[in-house]
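A short write-up of the structure that comes next.
Each value in this text was obtained by applying a stated rule to the coordinates, not by laboratory testing. Remember, predicted model here, so these are calculated numbers, not experimental data. Neighbour counts run over all protein chains shown; Cβ positions are idealised from the backbone, glycine included.
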Amino acid sequence: MSAVLEVRGLRKSFDDFTAVAGIDLALPEGGITAVIGPNGAGKTTFINLLSGKLVPDEGRVVFAGADVTRLPPSARVRVGMARTFQITNVFPLLSVEENVAVPVLARAGLALEPRRRVDAFDDAHAQVRRLLETVGLAARASDAAGALSHGDRRLLEIAMALASEPRLLLLDEPTAGMGAAERDRVLAQVRALAARSSLTILLVEHDMEVVFGLAARIVVLHQGRVIADGAPQQIRDDRRVREIYLGDADVVPPPGEAAAQTGAPLLEVRHLDAGYGLAHVLHDVSFTVARGEIVALLGRNGVGKTTALRSLSGLNAPWRGSAIELAGRPVAGEPPERLAALGVSYVPDDRRIFADLSAAENLRVAMLALRRERTRWTRQRIEKIFPPLATLWDRKGRHLSGGEQKMLAIARALTTDPSLLLLDEPSEGLSPLIVRILADALAHIRSEGVTVLLADQNLMFARAVADRALVMERGRLVHVASRADLAGNDPALQRLLAV
Amino acid sequence: MLFQGLVGLSEAMYLWLVAAGLSLIFGVMRVLNFAHGSLYMLGAYFAWVAFRVSGSFWVALLVGPLVVAAVGWAMEFGFLRRVYSAPEAFQLLLTFAFVLILDDAVKLVFGPVYQSPPTPAALSGAVLIGHSVLPTYHLFILGVGALVGLGLWVFLEKTSFGLVIRATAADREMARALGVRASRLFTWVFILGAWLAGLGGALSMPVRAISPGMGELIIIEAFVVVVLGGLGSLRGAFVGSLLIGLLHAYGLLFMPVFELALGYMAMALVLIVRPWGLFGIREG
């Protein structure tokens, strides 16, 4: 049986990082296939290679028997490959109907020919109607697209993608940022769409409920390769998949006793709501972190961990009604530079080293920013906890490896003398050696009285360093795990973190 | 030949001073300041007034740019900072509004007539280069332009404030997370950019005709320079200015018909081959 889409030996690297390291995949006509994988697994690169946004270094993409490896995105749409994006793209000022009419007319070649016969437009109009019915938006045809809810916009986008009469539809996180009811409505529409037609749907998604509720086949990516491919139950039972999502417990030995006696609360978060535009990411998150504690914020990717840390660091303004207290002082809504001065320091998952500045200059910026003459975290002390940095001070940020950048990013954050250190995915993509250094460093940092809140998607690192874990799912805090839970086999943790 | 080159380079220095400020402001603040040419114009008018009052060219050269820097502060503090988070179109509209307002304000105060103050006595001589005579003032301009370039380089590369500026230009969000007070930094960068434009205007006062439309003339060329050199790159602005200056000078000599078009042709060529400009950073 011939495949609609066939991918052979696909590879793509960026500088020294291999995002997609050889993927082979064949999709037969019809049905829904989901691509999942932890952060950095190569999902986004893979879908960009399929849609034509990126050109692979090696390998071929064959669609309906024709090689499309080097076709640009617009040409792929014409041969029958359509995609929707992670971020919604609709024309907010046009009506719902007009939004769909744009691609329909463009495809019919009517957009630029005002003198065509009027009944040709009737056909187009009928098709617009049909498409809106397909996604369940017919009743809203004359409303402005800007007035639609987040979920309805997504459906509108799907209708627009369907206007090109594709055989393959690529959906990039179709339910990101949606509440449960809205998500279920979008899911029902997508399911109905797949059932009614021979359309082949490939979706990339974080939300496991969506993946398992929708897909007949699941492909798991890890480090740019397919490590599992099969029916949902098969994937659930796959040992390697569980390992990747839960983490291999043996990489870091757990430290002897839970260190440092913890004291009064340093951070108190109450009813934190946050998001981006219409996407409501965090729902009523409340927790406290005691002085001297190391707390892990766990959850699969896309559950809102990064948004939580960004809200605490001031990079994302929390929504109204949220309360954040730092050592008793209300700080919700303060700008990031103010929070930095108050002792909150944030290390993003992508490190954000100043690439054109040397490692030493990266630290100096942190000193100068707060106009401090000295810091408790001198270079000598930083070299003690991150020995590999000792020989790298003159090297430009862009020439440091991922692990070195990670250490430098934490060192830079420490230079601001924080009382609260926020770490996003500290162990992601690091070699076991660096992970060990990092675990020891955190223990040392805590012994100096710094409180740490880290976000991670697997148990491995949290198990090694954390006193407590807060587990998130779909923007909510759903479970608290003690140190004993972390060390043992807490079934709730397994359920929330594994696929 | 050499003579023509020197004339071209000295003409390039006005452009460089304007383009440097424009590029600096864009590089750090991501704002395209249409009104930058108007600041250049104000520099010329303020220097002219200062000259009329004091009778000293040197006082004029000091006072003119400083007053422009103050105007820059008022623009940034009073207006621009309100639209940083707005779409780019709003920033362009706002700075364009300043072009219209400042032009008319100058017309209102000084009248639409062309003004041409004298060259200062100390710089009114000339030097013999080959068989041609080059006004001393041109050499002075060249020296000032080079000095400003050197000063900016030392400031950005060797000082603490420069380091923070470079970090903020590279990643504003991360810089703020480390505690950089970005809004205050922006104000200073804008003041510096305005001062540079004002200096260019003040320097142009004795040799170029002062008129209310002089800002528009130079801003378009400055945009050409900045696009050519790479948005946000000071080195690009410097090389771009020299290139445009030389193109004009030699263009005038060899193909006077095309002289005005040459700069745009150079820009089009660069945009085709390197859309991010000669020294710009490729994005995405």
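Computed values, structure above
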| read-out | value |
| --- | --- |
| Average beta-carbon neighbours from other chains, 10 Å sphere, peptide A:370-381 | 1 |
| Relative contact order of the range A:3-246, pairs being alpha-carbon contacts under 8 Å that are 6 or more residues apart, as % | 28 |
| Unit Cα scatterers, Debye sum, the protein assembly as shown: log10 I(q)/I(0) for q = 0.08 Å⁻¹ | -0.84 |
| Helical mean residue ellipticity (222 nm; -39500 (n - 2.57) per DSSP H run of 4+; nearest 500) of chain B | -25000 deg cm²/dmol |
| For the range B:2-273, diffusion coefficient by Stokes-Einstein and Kirkwood Rh (Cα), 37 °C, 0.692 mPa s, µm²/s | 173 |
| Degrees between helix B:214-229 axis and first principal axis of chain B (Cα, 0 to 90, nearest 10) | 60 |
| Taking A:205, A:98 and counting other C-beta atoms within 10 Å, the order from fewest to most | A:98, A:205 |
| Beta bridges per DSSP with both ends in the range A:265-497, % antiparallel, nearest 5 | 55 |
| Packing-based exposure ordering (other Cβ within 10 Å, fewest first) of B:107, A:12 | B:107, A:12 |
| Calculated from backbone phi, Karplus (6.51, -1.76, 1.60) coupling profile of the range A:209-218 in Hz, x at Gly/Pro | 5, 5, 4, 6, x, 10, 8, 8, 9, 10 |
| Distance from the range B:38-82 to the range A:380-426 (C-alpha centre basis), Å | 45 |
| Phi to ³J(HN,Hα) by Karplus 6.51 cos²θ - 1.76 cosθ + 1.60 over the range A:349-354, Hz, x for Gly, Pro | 5, 8, 6, 6, 6, 6 |
| Chain A - percent relative contact order, Cα under 8 Å, separation 6 or more | 15 |
| Antiparallel bridges, percent of DSSP beta bridges restricted to the protein assembly as shown (to nearest 5) | 55 |
| Inter-chain Cβ neighbour average for residues A:403-416, partner chain, 10 Å | 1 |
| Other-chain or far-sequence residues with amide H under 5 Å of residue A:229's (modelled H) | A:220 |
| Number of partner chain Cβ atoms within 10 Å, mean per residue of A:342-350 | 2 |
| Inter-label distance for residue A:447 and residue A:227, nm, one decimal - labels placed 7 Å from Cα along Cα-to-Cβ | 3.3 |
| Mean Cβ count within 10 Å, highest first, over the residues of peptides B:118-130, B:184-196 | B:184-196, B:118-130 |
| Amide H contacts of residue A:478 (H built 1.01 Å from N, under 5 Å, at least 5 apart or other chain) | A:471, A:472, A:473 |
| With Cα atoms, 0 to 90° folded angle of helix B:36-54 axis to chain B main axis | 50 |
| Cα gyration tensor, the range B:180-284 - rounded (a/c under 1.5), prolate or oblate | oblate |
| For residue A:454, distant residues with modelled amide H under 5 Å away | A:295, A:296, A:297, A:423 |
| Contour excess over end-to-end distance, with Cα ends at residue A:360 and residue A:381 and 0.36 nm allotted per residue | 6.2 nm |
| Sequence ranges A:4-11, A:170-177, A:159-166, ranked by mean other-Cβ count within 10 angstrom, highest first | A:170-177, A:159-166, A:4-11 |
| Exposure proxy ranking, count of Cβ atoms within 10 Å, fewest first, for B:30, A:300 | B:30, A:300 |
| Note, ³J(HN,Hα) from phi for the range A:476-483, Karplus 6.51, -1.76, 1.60, rounded to Hz, x at Gly and Pro | 10, 7, 10, 7, 10, 10, 7, 4 |
